1. Return the pairs, sorted by first residue and then second, in which the second residue is in a loop (DSSP other than H, G, I, E, B) and not small (G, A, S), the first residue lies in region 50-76 and is farther than 19 Å from L105 by Cβ, the beta carbons are less than 7 Å apart, and the residues are 6+ apart or on different chains.
2. Counting only residues that are assigned to a strand (DSSP E or B) and free of Cβ contacts under 8 Å to residues at least 12 places away in the same chain, how many does region 164-214 have?
3. Out of all the residues in region 313-329, which are touching a residue at least 24 places away in the same chain (Cβ under 8 Å) and either more than 20 Å from G381 (Cβ to Cβ) or surrounded by fewer than 23 Cβ atoms within 10 Å (Cβ to Cβ) (or both)?
4. Go through region 236-282 and give me each residue that's small (G, A, S) and either in a helix (DSSP H, G or I) or within 12 Å of Q83 (Cα to Cα) (or both).
5. List every residue pair whose Cβ atoms lie under 6 Å apart, where the two residues are 6 or more positions apart in sequence or sit on different chains, the first residue falls within region 234-250 and is outside the structural domain of P65 (by TED's automatic domain parsing), and the second residue, located anywhere, is among the hydroxyl-bearing types (S, T, Y) and in a helix (DSSP H, G or I).
6. With respect to R302, is the statement that it is assigned by TED's automatic domain parsing to the domain that holds A256, free of Cβ contacts under 8 Å to residues at least 40 places away in the same chain and either assigned to a helix (DSSP H, G or I) or not basic (K, R) (or both) true?
7. Which of (1) surrounded by fewer than 16 Cβ atoms within 10 Å (Cβ to Cβ); (2) assigned to a loop (DSSP other than H, G, I, E, B); (3) in contact (Cβ under 8 Å) with a residue 40 or more places away in the chain is the odd one out, the single condition A310 does not satisfy?
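The values are calculated or read from the model by the stated rules, or taken from the named source; none is laboratory data. What you are looking at is a predicted structure, and each value in this text was computed from that prediction instead of being measured. Reconstructed Cβ throughout: ideal geometry from the backbone, glycine too, with neighbour counts over all protein chains shown.
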Amino acid sequence: MQTSEQKQLAMQSTNNEAADRILSELDSLAPIIAAQAAEAEEARRIPADMIQMLKSVGVFRMTAPQIHGGLEFDLPAVARILQKLFKIDGSTAWVVTITNATALLLPLLPRETYEETYRNGPDRLCAGGGQPAGTAVAEAGGLRVNGRWPFASGCEDADWIAAVCVLTQDGTPAAGPAEGVPAIRGVCLPARYWQIEDTWRAPGLRATGSHHIVLKDVFVPSENVFDMASARPCLPGPLYNAPPMQIATLLHGPVALGMAEGALDDIVAMALSGRKQQRAAVSMRDSEIFHYELGRAQAEFRAAQVLCDAQIASHWRHAVAGTLSGDALLAEATQSMIWMTEACLRVVQSCFALAGGAAVSNSSPLQRRLRDMQTAAQHAGVHARHYAHAGKLLLSRGNDGLQQAGSSPGDGLHAKS
């Protein structure tokens, strides 16, 4: 009989083989995805044939459970694949990311409802609204919900849509688990119950179809409701037993790294083509100024990659051990993702600047990468204001925390053991 450690190693080997297969297939798809990028931006959604190709590769089932035909990848494998996708195209990868992240909320539903979400197979698409932009009133057997949620990426192709509501009583928010925090409920319904407002017009990530979604006076049965604070997952396994926010926060890593890596590849290809810019004494590839700027940008990318890999590996160890919880670990992950996103934005900006006038053309992938990266960096999950929370927690540790500042990621901002 295999020990738990042997089972974990066997699963990891299987994960790696499946992930390598997907990465290889994405290499083959890359020219097709890139060729359709302008069309997708014009339509403000991913083309239907591309959705089908991505389903056939398996990227929509990375966080789906094996019992329903999913891949149930570990977090490092998910990150590797998402980074490759973002290197190819930001909008396409964003929709894939949102689907896999939203799927991590589904195990909080009652088991029968969860089973229903996979009735048509593991490649179902999920979208959602993460802001508590709706209200819910308790009625017999469920909730009466009203709300309008922004940024529901991929909602036009979704099979299921989830959103977050504030539970109200007599028109005021009901008390939540902590003082000053209202009670929050999640609702999840098939896509046919939702209205989609055509609102997504943005400079970057244009093809993500991140429209507003709406529920107007809709009764949601209890079977389609989960308590954000107290619900326990209906499935075993580290992907599902870890708080969804802990996992979702780390997915900002491959978002930024993939786009930065793609920008570096673009500027290197331009330089190797022999391009000589106007009024330059030598070609780009022979310019010491270009060498300096390129080397500096690559150093920043490498530092971001190392931090992201270490943080993801650390969080996954906690997930496997069943210890991925608590404010300190979430603050640490958020802190890492903010810095890494800022670093990758600087890399993309540097590559765009180095390309000169050639980068502003619609035919240049660099202008799209810059727009996509700037838009992704505006996400609330990696806003610089969250640095303050990490700093506050570190101060609460006092000198003990500062003395451990050389510790590896995963200490929960150097919490005392």
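1. Filtered contacts from region 50-76: M50/Q36; K55/D123; G58/L71; G69/P122.
2. 3
3. Matches in region 313-329: A313, S314, R317, H318, A319, V320, G322, S325, G326, D327, A328.
4. Within region 236-282, A248, G253, A256, G258, A260, G262, A263, A269, A271 meet the criteria.
5. Between residues of region 234-250 that are outside the structural domain of P65 (by TED's automatic domain parsing) and residues that are among the hydroxyl-bearing types (S, T, Y) and in a helix (DSSP H, G or I), the close pairs are C234/Y114; T249/T334.
6. yes
7. All conditions are met except number (2).
So that you can scan it fast, the table gives a plain yes or no per residue for (1) in a loop (DSSP other than H, G, I, E, B); (2) outside the structural domain of L26 (by TED's automatic domain parsing); (3) of a type in the set (S, T, N, Q); (4) closer than 21 Å to T249 by Cα:
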position: A79; (1), (2), (3), (4): no, no, no, yes
position: L85; (1), (2), (3), (4): no, no, no, yes
position: S91; (1), (2), (3), (4): no, no, yes, yes
position: A136; (1), (2), (3), (4): no, yes, no, no
